[in-house]
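First comes the structure, then the notes that go with it.
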Amino acid sequence: MTKTVIKWLITLSLCLLNPEAIAEDRSSIDLIIKGDYVVAMNDADQIIRQGAVAVESGAIVAVGPFVDIDRRYRAKETLSGEERLVMPGLINGHSHAAMTLLRGIADDLSLNEWLNDYIFPAERTFVDPEFVRLGTELACWEMVRGGTTTFVDMYYHSETIAEVVDSCGMRAFVSATVIDQKSPDANDAEESLKNAVRFVTKWQGKHPRITPIFGPHANYTLNASQLRATRDAARKLGAPISIHMAESIFEVEYARDNYGMGSVSMFESIDFFDGPTIAAHMVWPSEQEIRILAERNVGVIYNPTSNMKTAAGVAPIVRMLEEGVAVGIGTDGAASNNDLDMWEEMRIGGLLQKVNHMDPKVLTAKTVLSMATRMGADAIGLADSIGSLESGKRADLIQIMLDDVHHLPIYDVISHLVYVTDEQDVDSVIVDGSILMRDGRPLRIDRERVRQAAAALAQNIQIKMKEL
């Protein structure tokens, strides 16, 4: 027997007599999240049975079978994985978070009538920093409860939005709205652009979870010169832009009447895509315009519920995917959805494409789930940081409960995630390595305070709306 073998046997004997000796050889980390399934959403479409994710200093350090993770790491805290599934957090690519406080205020209307006759007047009357603070808190509560870890927001008083995102622990792109009309935080496009530049300059690079960006509203609320000025400001600061684009037939006709071309072509003609662009809705691009989107690396956000509710149309998602456009999913605001449930968006969005094409194969569950995670991260420019469970990426992930009757039996976990799971199945939420929800209970939001304040504000709005 060699000396090496003898030494190994002695070490093994000591470990068996003293199991803690093994633990001392393991690396100490912050957190391990276990699951009966780990759906990594990586390039290999890896699904690990009895898996785990190891987290240290807000980053993923390892993904693999639990026995391997347990052999390598000793965690300060471990989340049990019994009857649980672990996956990347959902990415809501387009929202107006504070509009939770306008949920149900005006329904069953066309987009133009809804915006001009109800929403814009209501916003000018009621929206102030405290409205935005409360509405964003309510939205963060709803999104965390449903497993959303990142959202792209566009609303007024962006400074207040950023403060709420900071306190609630989520990750967000916060857009400072630029619009050429009197709004809750500016009188016209010039003032709102100045506000946007000030906000982006102040927050840029200052926070690990908050990215300040520009949010020009649309090509019918800003003229070509104002849109170009917004792009110039964004380019100078190296900031992305989020904008509504080709959302309605009205918008496309407006572009043709005023610029002699379609909406996307109009933006291309002013070099608007010379920088990171997130284009929400994108219901009415032409074939040529879809190719422009692909060539210019524009991230498109699919908002199926909102588009159906306002009868805006059905976005050509299948064609855009075929051309290589990165497509994410968004809820839009709760005033036009009327919730922030990304599971509902996935399910409805996938089914809508199938029936629109009269082909059940055009958009698979795997592709839809990617649009809400990995591809969604690519669409907003964060593919290197989030969207999949891989070593080196930020630890934004969720646990799904599999013990409810609607998950029985399980043949295909991807199918279940898209066609079965809903927001009530989310058990735990982790963003940047911090636990934001455990056992279905958000930890950083004073739910009772938000509930009471929202009810009181809604009552006041209801009374004043009758006077308008």
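FYI, it's all coordinate maths here, none of it is from the lab. This structure is a prediction, so every number in the text was calculated from the model and none was measured. When we count neighbours, we look across all protein chains shown, and the Cβ atoms used for this are built from the backbone with ideal geometry, even at glycine.
A few remarks follow.
- Segment 221-368 - Debye-derived log10 I(q)/I(0), Cα point model, q = 0.20 Å⁻¹: -1.29
- Cα-based convex hull, the chain, per residue volume (Å³, whole number): 166 Å³
- The chain: antiparallel DSSP beta bridges as a percent of all, rounded to 5: 45 percent
- Over segment 257-321, volume per residue of the alpha carbon convex hull, in Å³: 87 Å³
- Bins of 5 Å from zero: percent of alpha-carbon pairs in segment 169-211: 6, 24, 25, 18, 15, 10, 3
- Each listed q (0.10, 0.17, 0.18, 0.21 Å⁻¹) maps to a log10 I(q)/I(0) for segment 281-392 from the Debye sum over equal C-alpha point scatterers, namely -0.27, -0.79, -0.89, -1.19.
- Shape summary of segment 216-270, radius of gyration then Dmax from alpha carbon positions: 11.1, 33 Å.
- Within segment 426-463, backbone nitrogen closer than 17 Å to the virtual label 7 Å beyond the Cα of E130 toward Cβ: 449-463
- Prolate/oblate/rounded call for segment 90-203, Cα gyration tensor, a/c under 1.5 rounded: oblate
- Segment 346-439 shape via C-alpha gyration tensor axes, a/c threshold 1.5: oblate
- Pairwise centroid distance, computed over Cα atoms, of segment 373-442 with segment 197-256, Å: 29 Å
- For segment 142-254, the alpha-carbon coordinates run over 40, 30, 25 Å along the three principal axes, in decreasing order.
- Cross-link partners for K236 among the lysines, with Cα-Cα distance under 24 Å and sequence neighbours closer than 8 places in the same chain left out: K194, K202, K206.
- Entry note, the chain: the mean residue ellipticity at 222 nm calculated from DSSP H runs of n ≥ 4, each adding -39500 (n - 2.57), is -12000 deg cm²/dmol after division by the residues and rounding to the nearest 500.
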